[in-house]
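Q: My questions all concern the structure below.
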């Protein structure tokens, strides 16, 4: 396992690339956008600088990590020698199945294809390929270089050998792998997203304000971050996508997205990434100023 390909240079993709590169794997980071690749590498360097400043790594280790990453905007060139491909594109089933169809055609026959999906069926993604036995889910948590958990999701046809191999690989990069079954939302989001959705419902129904809801969960339940702040951090569009996948998958009304969440996404209030969600991030990213919509 020498060459790790990461598809997508966004928040999750650059975090995954950073993690493998820091563990001395050769990483090919691929994105169709040269701008996204530039931003992704800048983010990796900034995060490494932070680690150097905290004396968690040396300057030489930072330099070595960066040298382990090569960027590509041409997917065919990037996957030529791939041992493992980890797709970290937008949480959209049509996009992911399209990517996997292409990967199946252009990757070496023995390449394992993994997806960082947070809710979409691994079995469905694997069915788009002719190597469903080599398709698996690796759901990393954000921020990837810091968070230890990786949900390992095997599809209906994923082989025992591939599952064991990915579990072992996760351990080698300092993560704690947890095997879960292939159902919408898996474990993390099946529990987390209804809580976030209910928090938005609580706000929507006027029970309490943004900071009050977050304060109750932080001080009363010892959560490090309130659910509305966490939703902003994840991205409200991502939360909505996951809830829609779960609602479609289970046909259970408890997973139906709150109308307030839907309206905010339509209005472009996506959280930190857009500068405003439940909090206003125009002055800082610390979720200290409640959005004017709710203040």
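The values are calculated or read from the model by the stated rules, or taken from the named source; none is laboratory data. Worth saying up front: this structure is predicted, and the values here are computed from it rather than measured. FYI the Cβ positions are ideal-geometry reconstructions off the backbone, even for glycines, and counts take in every protein chain you see.
Q: How many residues does segment 202-232 contain that are more than 16 Å from residue 142 (Cβ to Cβ), assigned to a helix (DSSP H, G or I) and touching a helix residue (DSSP H, G or I) at 6+ places or on another chain (Cβ under 8 Å)?
A: 8
Q: If I filter segment 178-196 down to residues being in contact with a strand residue (DSSP E or B) (Cβ under 7 Å, 6 or more places away or on another chain) and in a loop (DSSP other than H, G, I, E, B), which single residue comes out as farthest from residue 153 (Cα to Cα)?
A: Per the stated criteria, the residue is 187.
Q: Which number in (1) more than 21 Å from residue 93 (Cα to Cα); (2) touching a strand residue (DSSP E or B) at 6+ places or on another chain (Cβ under 8 Å) marks the one condition that residue 199 misses?
A: (2)
Q: Identify, from the list 61, 91, the residue that is at pLDDT below 95 and in the same structural domain as residue 166 (by TED's automatic domain parsing).
A: Exactly one of 61, 91 is at pLDDT below 95 and in the same structural domain as residue 166 (by TED's automatic domain parsing), namely 91.
Q: Further question: Any idea which of 154, 131 is in contact with a strand residue (DSSP E or B) (Cβ under 9 Å, 6 or more places away or on another chain) and within 14 Å of residue 84 (Cβ to Cβ)?
A: The conditions single out 131.
Q: For residue 68, are the conditions met, namely being crowded, with 20+ Cβ neighbours inside 10 Å, closer than 24 Å to residue 103 by Cβ and in the same structural domain as residue 86 (by TED's automatic domain parsing)? Quick ask: steps written out before the conclusion?
A: Numbers: crowded, with 20+ Cβ neighbours inside 10 Å: no; closer than 24 Å to residue 103 by Cβ: yes; in the same structural domain as residue 86 (by TED's automatic domain parsing): yes.
No; evaluated as a whole, the condition is false for this residue.
Q: Working carefully through the options 203, 149, find the one that is farther than 30 Å from residue 263 by Cβ and in contact (Cβ under 8 Å) with a residue 12 or more places away in the chain.
A: Within the list 203, 149, the selection yields 149.
Q: Follow-up question, since we're still on this one. Looking only at segment 233-242, count every residue that is touching a helix residue (DSSP H, G or I) at 6+ places or on another chain (Cβ under 7 Å), surrounded by fewer than 24 Cβ atoms within 10 Å (Cβ to Cβ) and assigned to a helix (DSSP H, G or I) and tell me the total.
A: 3
Q: Let me ask another. Select, from 286, 269, the only residue that is more than 22 Å from residue 90 (Cβ to Cβ) and part of a loop (DSSP other than H, G, I, E, B).
A: Residue meeting the stated conditions: 286.
Q: Just the residues that are modelled with pLDDT of 95 or more, in contact with a helix residue (DSSP H, G or I) (Cβ under 6 Å, 6 or more places away or on another chain) and buried (at least 19 other Cβ atoms within 10 Å of the Cβ), please, taken from segment 99-119.
A: Result: 100, 112, 113, 115, 116.
Q: Pull up segment 1-25, narrow it to residues that are free of Cβ contacts under 8 Å to residues at least 60 places away in the same chain and crowded, with 23+ Cβ neighbours inside 10 Å, then point me to the one that is nearest to the chain's Cα centre (by Cα).
A: Residue satisfying both the conditions and the ranking: 14.
Q: So, one more: Just the residues that are over 19 Å from the mean Cα position of the chain (by Cα) and part of a loop (DSSP other than H, G, I, E, B), please, taken from segment 118-166.
A: 128, 129, 130, 131, 156, 157, 158, 159, listed by residue number.
Q: Taking residue 119 as the residue in question, decide whether it is assigned by TED's automatic domain parsing to the domain that holds residue 15 and under 22 Å from residue 150 (Cβ atoms).
A: yes
Q: While we're here: Within segment 132-143, can you find the residues that are more than 22 Å from residue 243 (Cα to Cα) and either without any contact (Cβ under 8 Å) to a residue 12 or more places away in the chain or buried (at least 19 other Cβ atoms within 10 Å of the Cβ) (or both)?
A: Correct list: 132, 134, 135.
Q: Next up: Which one of these does residue 91 not meet: (1) closer than 21 Å to residue 26 by Cβ; (2) under 19 Å from the mean Cα position of the chain (by Cα); (3) not in a helix (DSSP H, G or I)?
A: (1)
Q: Please specify each residue of segment 250-289 satisfying the condition of being touching a strand residue (DSSP E or B) at 6+ places or on another chain (Cβ under 6 Å) and surrounded by fewer than 21 Cβ atoms within 10 Å (Cβ to Cβ).
A: Correct list: 269, 280, 289.
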